[in-house]
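Every number in this text was worked out from the coordinates using simple rules, so none of it is lab data. Source: prediction; values computed, not measured. Cβ: placed from backbone, ideal geometry, glycine included. Neighbour counts: every protein chain shown.
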Amino acid sequence: MLDLLLPLSLSAVFGTLVGTAFRLSRLPGRARPLRFPLVGLTAGITAFFLHLVLNAVTGAPVWLLPVLVILQVWLWLGPLGPKVDRPRD
């Protein structure tokens with residue numbers, strides 16, 4: 001159980017950090033700033049289980065897990081994420 005809990009928590013923390021970095025670099029000053037770290041947390045947990053399945057099926061390498069986390073945060077907060085209403089002049 002501990003060999004699953006430690007990588008799960010590390011990937012969740014990494015996802016939260018990536019979500020926070022995405023917020024700080026792309027959309028500063030949003031009305032709901034907590035959404036970015038929460039999406040990152042969810043992406044980290046989802047990427048961990050996706051990597052677990054890929055590792056069992058195909059023997060995926062360890063370096064693929066952080067790549068999956070970054071790609072999921074980028075997709076969920078970028079092209080597939082919420083639409084941003086830009087104020088018009």
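For Ala60, the residues 5 or more places off, or on other chains, whose built amide H falls under 5 Å of its own are Asn55. Note on Phe49 and Arg32: their simple-model spin labels are 2.2 nm apart, each label 7 Å out from Cα toward Cβ.
May I ask for the net charge around Leu41, where only other residues with Cβ less than 14 Å from the Cβ of Leu41 are counted and Lys, Arg are +1 while Asp, Glu are -1? Don't skip to the end; give the middle numbers.
Values: positive: Arg23, Arg35; negative: none.
Surrounding charge for Leu41 is +2.
Sites listed here are trypsin sites (Lys or Arg not before Pro) in segment 1-62 whose DSSP assignment is loop and whose Cβ has at most 15 other Cβ atoms within 10 Å: Arg30.
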